[in-house]
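Written out below as structure tokens is the structure these notes cover.
Derivation of every value follows stated rules applied to the coordinates shown; laboratory data play no part. If you're wondering where the values come from, they're calculated on a predicted model, not measured in any experiment. Note that each Cβ is placed from the backbone with ideal geometry, even for glycine, and that neighbours are counted across all protein chains shown.
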């Protein structure tokens, strides 16, 4: 029996649209069930991370600010955007230049613009939680980012995200000194 092949993914596809052209608000064309894995869907923080990731990804794809993407989401859907989602979006937005500098410096040969868009968004959320949110233990920030990558990105992404955020975790005291 032949192994089932996965469809090729291209970050230039329109991942926020379903095959009928309707907005899905999923960061990539493949929904979590397609990957056979889930993060902590019942956790309010898990849902907030996922929603923040969706909005940050959407903002980048549509070339608007995250605040504008959040405003549009609130106006066009009945989704409840909890306060932690807003905290994540605001935190990443406020410190994105610094976060991107750290990610670029320690990604070892992978420029940010060559990474899949969803990986950039996951890394930004994970790095913000790891470096700037003292309410989230470092290990949880890393593992939650890895779990999102397992659900939403390529097979190689979880290992890459784990390695990069793990390196930032090791360097955290000097990065924030």
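Binning the alpha carbon pair distances of region 112-177 at 10 angstrom intervals from zero yields the distribution 23, 56, 19, 1, expressed in whole percent. Could you tell me the distance between the Cα centroids of region 104-139 and region 61-101, to the nearest Å? Each part reduced to its Cα centre gives a spacing of 16 Å.
When you count, for each residue, the other Cβ atoms within 10 Å and take the mean per peptide, how do 125-131, 58-64, 72-78, 83-89 rank with the highest first?
125-131, 83-89, 58-64, 72-78
What percentage of all Cα-Cα pairs in region 37-175 are separated by more than 24 Å? Don't jump to the answer; show the numbers that get you there.
Values: 2194 of 9591 pairs.
So the portion of pairs separated by more than 24 Å is 23 percent.
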